[in-house]
Each structure stands twice: as C-alpha cells, then as structure tokens.
Amino acid sequence: MAVVLALAAGSAQAAGASCDADQGPLRLRVQAMQAAHARLTDGLERARSAGRLGAAWLALGRDDEAEPLLREAAAAPLPAPERAAAAMDLGNLLYTRGAGAQAATHWAAAAALVADDAELGLRARLNALRLQPEAERLLALQETLPRVAALPAPPARARLALNLAAQAQELGDARASDAAAALAWRALELGRTQALAAGDPRLAAEALEGLAALYEAQQRPEQALALVEQGIAQARRVDARERLMTLEGRAGRLSAASGDAARALAAYRRAVEHAQAVRSDIPVRYRDGRSSFRETLAPLYLGLTDQLLRRADAMPATEQQPLLRQARDTVELIKQTELADYLRDRCSVEAAARRVAAPPPAGTAIYYPILLPDRLELLLETQAGLERRRVPIGDERLRDEVLAFVAALRDGEPLMARAQALYRVLVAPLEPLLSQARIDTLVVVPDGVLRLLPLAALHDGRGWLLQRLAVATVPALSLTAPPRSERRPLRALLAGLSDPGPVVDKLPPDVVDAVLEPQDPTRRPGAAAARSAPLDARERSALREALALPGVKAEIESLSAMLPGKVLLDEAFTLDALQQQLRGEAYPVVHIASHGLFGHDIDSTFIMTYDELLTLDGLQALLRSSRPHGQGIELLTLSACQTAEGDDRAPLGMSGSALKARARSALGTLWPVADESARLVMDGFYQRLARGELARVQALRQAQLALLQQRERSHPFHWAPFVLIGDWQ
C-alpha cells in the first residue's frame, strides 16, 4: 500500500497518459461525466460539474485535463465546501508537479473556506506534512493520529488513518524506524476498524493489505496471508478489482514462499485476470513518479509465469503444452507493458498488439529467454510446438556475465572465453531442438540485460552463432507485424548528417558533457549541466567537430546509387525537409544516418537532424500527420545511432522507434561502428534485399558474414552490433 495525498480514500493517485480508446471501468465513468458536462449551460451547474470532472481526471492521472476544470471550480461562486474540495484537489495536483509552495497555498485556502470542517482541516495538515523535513515528520504524524481518531465520522477516520499510515510506512522504509512502523500499525488498525464500522469494504481491504504488508516485512507470513484473505473477501463485496489485483498478487507471493504451489498459481491467475480487467485504468506512471510496470504489473505477470513453469514440471510431457503456451502469453504481456512503460504511452502499444496464434514458419524458431531470480528458463517455439529448458543460473550472476561480455565487445577486446561460456548457458541447451527442426532463423524475444547482447556473437568453440543462424529480435511477437507476401519496391528516403548544424545548441546538457569532457581534460565534469547559459563559440565548434560523421557522406552516396528515391544530406536534412518529403511520398524505406541516442526512457531518446532533435513522439506525430494513404514504412534504418552503454532498457528505444514510426522492421546498432564497417554492412544488406531473394534477416546475416570474412574486421565489434527488430521475413 502506498498513499500519496489525503484524497478520497487516501490511496495513491496516478499520472501518465491514458488512451482515448481505453474502456476500463473508471475511464468509462469519466467519459460519461465529460459528456454530461458538455451539455450543461447554467454557469453554476457547469462549475459544479467542472469540480467533479476535474477530480475524476485527476484520479486517472490526466493532469492537463484536470487543472483547468479544478481552477474553474475553485474560482466559481460555489458553496464553500465545493470550492474547498476543488482547491484541495488543485493543491494535490500541484504537489505532484513539484510545486510544493503553491500546493500549500491551495491547501490552506481550502481549510480556511470551511474552518469548521475538521476532516478537511486534517486532510490539509496531512498533505502539508509532506513538505516538512523528514526528521520532523514522525513526531508531527504521531501528534496527528489522536486528532484523526477523534473525528466524528468513521469513514473520515478510516480515510485519514490510511493516509497517515502510508506516510509512516515511508518513514519506516527510509529510516528503519521501529517507532514509524509502530505508528503505521496503529493507524492501519484504526483504519481497519473504522472502515468496517462505516461499512466500506473498499477502505477495509486497503487497510487489511497495509497490515499484511507490515506482517510480511516482519517475516510473519501466516498472519500476513490471513490478513490478505480477509482483504480479498472485503474487496470482492464491491468488485474492487484494482485492490483485488494487488491482494491476489500478495497472496500468490506468500503462498509460493510457503511452498503451496497450487494456491500460489491460483492466486497469480486471479491477480492477472484482475489486472487485465482494469489495465486501461492503471496509468503508466503513478502520481508519485513510480512506474506501474515495475511496481504493480511486472511482479504479477512474472509471478504467474514462474508458477506456470513450475506447474509444468509436475505434468507429463504430453500435458505441458497448454501451460507453456500460457507462460508464453504471459511473457508477451510483460513485454507489451514494459515497452509502454519505456514510451510512457500505452495507446501506441495497445494499437499495435495482436494475438499470437499461428506457429512460426518452417525453419524459424521463436526464442524466449526468461530471467528469474533463481534460474534461467528457455522457451523455444517451432512448428512442432513449445519446448522448454531450465538453466541453473540466477539473474544477478547472468547479468554480470553479460555486461562483462558486452563491455569487451564494445571495446574490441579478446572475448572468446566469455563468448563460449554464454553460449553454453543460452544456446547449447537448445542445440538438439534447433538441429531437429532444421532451424536457420532464430527470432529472439529478449529479457532484461539480454537486450544488450547480440546473440550472433556467441561462440560454440567451432564458430560464431552467426555462421549457423540468422538472428532477429522482436520486442514481443504480439507487437510484430504479421508477414505478407507482396514486396514493395525499395524506394528510399536517405537522410544523413555528416556535419551537424544548429542542432548542437539543442542537445541536452548531459549529452554535451559526455561529448566534450573526453575532448578537453581541463573541462570541469558536468559543466554544461551545471549552467543554463547557451553554448559559447568554442564549445559549439568543439561539439560540431566531435559529432562529425565523415563516413556518412560515403554511406549515403553509395546507397543512393543502388536505391531510387531522395537524398537529404547535412544542410538539406532539416526537420522541415524531412516532413515535406514524408508528406509528399510514401517511401517504403527510410534510412537515417545520424547521431541518435536510445537512453533509459523516452525522455533521453532522440535522433539528430541538421537543425533539431527528433524525439520518438515527434517522429510519431510527423508520420501520423504526413504519411499519405495510411501507408506504413517497410523498413526504418537508424545508422550511427547507439544505445546507452550498460543500460538494459536502452534497446527498447529501437523497438519504440519502429512502433512510433509504424515501421514493420527497424535496423540499428547497439554501439558506434567504424565508418567503413557500417558502409559495407549497409551496402551488402540493401544489395541483397533489393534482389528480393532473401528475407530481411538473412540479407543482414549475409552482409555480416561478408564482413566477418575480412581479417581486419573479423572481430564481432565490427559486425555484431547490427540488430534487425520486427518483421524479419
């Protein structure tokens, strides 16, 4: 349980985009309220409706929609209680935006409007306590609890007791304070008894889950599970699925820890069922900035996956397929939710999602490596069905080994021993299956740190995996466009930036520092990030020199000789020119040879044009407004872009680029590649693709093999970073 502000039930409110097509229960109610609000003409009634609608948008995390409505209601000549409610909600909104002083002003105004309302006054006080130094908050909360207990109405006592308990639990987490834990227990117990007295099952379930969390933290699993079961019974009375989701997840975790596998599996199944029912009402980010993927959804989906695989262990081989398919489908949900979290955009992901039904074509296997705390699970799907292998290596140890191997790869260092060790873990257990099914194409749905690993660079002691298999990557099979037989002519828009222009003034300060500090030993670390002044002439010149890509001209010129289309190079490659070209013609291939960075999330991901930074949201907006006849891109190539070193979320940026661009496939690199190596791979790839004789992934493999055969470029540093994402056929 995590309570942020003293809102309706004291529970955490949410932030993040919500898709207009979402049809969750809360979203449907808000849509009905919005329709009713639009029909109102009376000034006071419209202001009253604005307050209610603003509060509802706030509960969905739609701050931009909520703020003008709440401001309208707070300023209208409504009765004092209604104005106070709007002012309180407005303060909550401003607090989550980091405007603490403004929030406090609105909270104080709300309390002053109805000075005789003890509950509202205590809500304002509890909210204001979050602005106090942490060292003072415990005493203030201890002093506030008796005042909460003295409120006349049980529902008010329950709501504010739960809010206070959450603040106390936060202090206990931060300071390991026994006093804070004791205060949280007293407040939760008060909240439980008062919620039951008020006949409010939703509040009672929240209190019971909070108490269960305390008992679980104290390693008292039996008492914790008993409280969870009581909470589930309360939540079921009002079909509070958002609460049932977390309660059943906790029941699954506690049951698994106690060795009750059947109970754990059943609880996780119910948790995921509830999560799917209210998923569109769950924001991408909660109002306190936490990720709903990491905090709520991923533990449920991963817990269910774990229990399904464990259950399969106890079944005869002939009866395992349904469980393995369920595990595979649950992994697909994890991948969809994680990409939505990275992009902070559930709409684009849900719009692209499709059901995975048909098996892969002959010669192709879909490979799901699943990282679990105590083991690695390998799922392999071929035309014959799903097969599974278990490897006794924990996720932390595997992460360390992968990061060490990738660092050696990026630095061009000797790596044969590591390449063979990882091969034994990730590929060798599947070798008999691959041989039996005559697999020549391996489609990987990577997990966690494995997104940083080019699987083709693993070695079996006789040769690289690239020499045996073509390897493609998909963020999820359910997010990959189904194959189609017709092939469009390879008419291309070729854009390149060998010498950046005004865009250098738009670079984020941390990127400026990362580029300039290695060039200037006297430069103070973080100099750009520490100041707000524009770049001076010397810095601008140094940036342009450091970011120059002299090989881009040769790459673009070489490709233009084989691909008909349009070239935008340097000064001609402006954001406006890119939009003009995409508006004028539906190019099947868009090839961008320019610096780009795929960082930890969408905020740290961009591509450089000559004059502007092109973000992923900007790319989507550009293509949505410009693409004629709704035609998507067949292939988006991002040459010279790179992923942030050591960040296993960064490769999601390449997947996100394809999704945002509505591209069937994307081709990019995991690290910066030598100019001539990049040119040779790109030339070889497009030459083979243009002939129409090979699938995309096989065309890339042949181009990489040609590079591998050159002695000076045989190290996988040169050929391994090229990654094909999406439709591989």
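The values are calculated or read from the model by the stated rules, or taken from the named source; none is laboratory data. Note that the structure is a prediction, hence the values are computed from the model and not measured. Don't worry about glycine lacking a Cβ; one is built from the backbone with ideal geometry, like all the others, and counts go over all protein chains shown. Quick note on the areas: whole protein, heavy atoms, side chains included, nothing else; ligands and nucleic acids left out. Shrake-Rupley method; radii C 1.70, N 1.55, O 1.52, S 1.80 Å.
All of (1) among the aliphatic types (A, V, I, L, M); (2) within 24 Å of E82 (Cα to Cα); (3) surrounded by 14 or more Cβ atoms within 10 Å (Cβ to Cβ) hold for A101 with one exception: (3).
Look at the range 339-361: where a residue is over 15 Å from R662 (Cα atoms) and a partner is open to solvent by 20 Å² or more (accessible area, probe 1.4 Å) and of a type in the set (K, R), sitting 6+ places away or on another chain with Cβ atoms under 7 Å, you get R344/R285.
Of the residues contained in the range 290-308, none is found to be among the basic types (K, R), over 29 Å from V391 (Cβ atoms) and touching a Gly at 6+ places or on another chain (Cβ under 6 Å).
Please verify whether the range 352-363 includes one or more residues that are of a type in the set (G, A, S), touching a Ser or Thr at 6+ places or on another chain (Cβ under 9 Å), within 24 Å of R399 (Cα to Cα) and assigned to a helix (DSSP H, G or I). Checking the range 352-363: not a single residue is of a type in the set (G, A, S), touching a Ser or Thr at 6+ places or on another chain (Cβ under 9 Å), within 24 Å of R399 (Cα to Cα) and assigned to a helix (DSSP H, G or I).
Pick out the one residue from D239, D260 that is open to solvent by 10 Å² or more (accessible area, probe 1.4 Å) and either farther than 21 Å from L309 by Cα or in contact with a strand residue (DSSP E or B) (Cβ under 8 Å, 6 or more places away or on another chain) (or both).
Values: D260 fails: either farther than 21 Å from L309 by Cα or in contact with a strand residue (DSSP E or B) (Cβ under 8 Å, 6 or more places away or on another chain) (or both).
Answer to the selection: D239.
Here is the figure for the range 114-124: residues that are surrounded by fewer than 21 Cβ atoms within 10 Å (Cβ to Cβ) and assigned to a helix (DSSP H, G or I) total 3. Going residue by residue through the range 644-651, is there one that turns out to be small (G, A, S), open to solvent by less than 10 Å² (accessible area, probe 1.4 Å), closer than 25 Å to A351 by Cβ and at pLDDT 80 or above? Scanning the range 644-651 turns up at least one residue that is small (G, A, S), open to solvent by less than 10 Å² (accessible area, probe 1.4 Å), closer than 25 Å to A351 by Cβ and at pLDDT 80 or above. The requirement of being touching an Asp or Glu at 6+ places or on another chain (Cβ under 9 Å), closer than 23 Å to M562 by Cβ and in a helix (DSSP H, G or I) is fulfilled somewhere in the range 707-726, by at least one residue. For the range 429-450, the set of residues classified as open to solvent by 10 Å² or more (accessible area, probe 1.4 Å) and more than 16 Å from L379 (Cα to Cα) consists of R438, D440, listed by residue number.
Taken residue by residue, the range 144-151 has at least one member that is among the charged types (D, E, K, R) and surrounded by fewer than 21 Cβ atoms within 10 Å (Cβ to Cβ). T480 fulfils the conditions (1) open to solvent by less than 30 Å² (accessible area, probe 1.4 Å); (2) at pLDDT 95 or above except for a single criterion, (2). Annotation note: Cβ proximity below 6 Å between a residue of the range 699-715 that is modelled with pLDDT under 95 and a residue that is open to solvent by 40 Å² or more (accessible area, probe 1.4 Å) (sequence gap 6+ or interchain) occurs for no pair. Scanning the range 480-489 for residues that are under 33 Å from the mean Cα position of the chain (by Cα) and in contact (Cβ under 8 Å) with a residue 40 or more places away in the chain turns up T480, A481, P482, P483, R487, R488.
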